[in-house]
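The values are calculated or read from the model by the stated rules, or taken from the named source; none is laboratory data. Owing to the predicted nature of the structure, the values given are computational and were not obtained by experimental measurement. Positions of Cβ are backbone-derived with ideal geometry, glycine not excepted, and every protein chain shown enters the neighbour counts.
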Amino acid sequence: MAQVEFIFNGYTTKIQCDINENFISICNKYASKAQTQINNLYFLYNGNYLNQQLTFSQVANDFDKERKMMSLIVIEKVSTIISDHLIIPKEIVCPLCLDNIRMKIDDYKITFYECKNGHYINKILLKEYENMQKIDEFKIICEKCQNNKAKSFQKQFYKCNSCKINLCLLCKTNHNNNHNIVDYEKKLFL
């Protein structure tokens, strides 16, 4: 018999297994014990994604084979995907239109005011401020082809200041070259 340690958020769960048992079975035992869906998890061994088609003896390094024990890091897919597509601008931006906005703090509550589009957001708790400033790249859409920034080539996106529209790399090349087009990142991080 062998043992696999699953480490998730600082907690260790130990699962007994046979050295010829494939990791689909072993990881399913862990998911069942952790009361979660296996499809929501990534498993890492020695910094690499675990191939669940392989067995303990095929995956384990020599040291782990000898002691018949190995450790896997468990990562939740949902939280990883979300964090990969969030950006935080250096300037304060309007949560509604992403243009620069002014803010004032009074009694641990924030009021946003005077963005270019006249938005006014009143009495946001200070602890909610950081989440309001995170920008989901899936919501930044090219207004010509409807592609989003998160899925665009190398996440390259542009803003045409003349037309006031967002453009992906492909649509930028077909857009009027006489217009004032800036890199979307520079717009947010000036």
Testing CYS94 on (1) over 28 Å from GLY10 (Cα atoms); (2) in contact with a helix residue (DSSP H, G or I) (Cβ under 7 Å, 6 or more places away or on another chain); (3) modelled with pLDDT of 80 or more, one condition comes back false. Which one is that? (2)
Can you report the number of residues in region 1-36 which are within 26 Å of the chain's Cα centre (by Cα), over 14 Å from ILE73 (Cβ atoms) and among the hydroxyl-bearing types (Ser, Thr, Tyr)? 2
How about region 95-114: which of its residues are within 23 Å of ILE141 (Cβ to Cβ) and in contact with a Lys or Arg (Cβ under 8 Å, 6 or more places away or on another chain)? CYS97, ASP99, ASN100, PHE112
Reported set for region 41-68 where residues are surrounded by 13 or more Cβ atoms within 10 Å (Cβ to Cβ), closer than 15 Å to ILE7 by Cα and of a type in the set (S, T, N, Q) is ASN46
Would you call ILE140 in contact (Cβ under 8 Å) with a residue 12 or more places away in the chain, of a type in the set (Val, Ile, Thr), on the phi < 0 side of the Ramachandran plot and surrounded by 18 or more Cβ atoms within 10 Å (Cβ to Cβ)? yes
Give all pairs with beta carbons closer than 7 Å in which a residue from region 111-137 that is over 16 Å from LEU98 (Cβ atoms) meets a residue that is assigned to a loop (DSSP other than H, G, I, E, B); count only pairs at least 6 apart in sequence or on separate chains. LEU125/TYR108; LEU126/TYR108
Looking for something without any contact (Cβ under 8 Å) to a residue 12 or more places away in the chain, among the hydroxyl-bearing types (Ser, Thr, Tyr) and in the same structural domain as PRO95 (by TED's automatic domain parsing) - is there at least one such residue anywhere in region 166-188? no
Of ILE26, ILE38, ILE19, which residue is at pLDDT 95 or above, surrounded by 12 or more Cβ atoms within 10 Å (Cβ to Cβ), more than 30 Å from TYR129 (Cβ to Cβ) and of a type outside the set (Asp, Glu)? ILE26
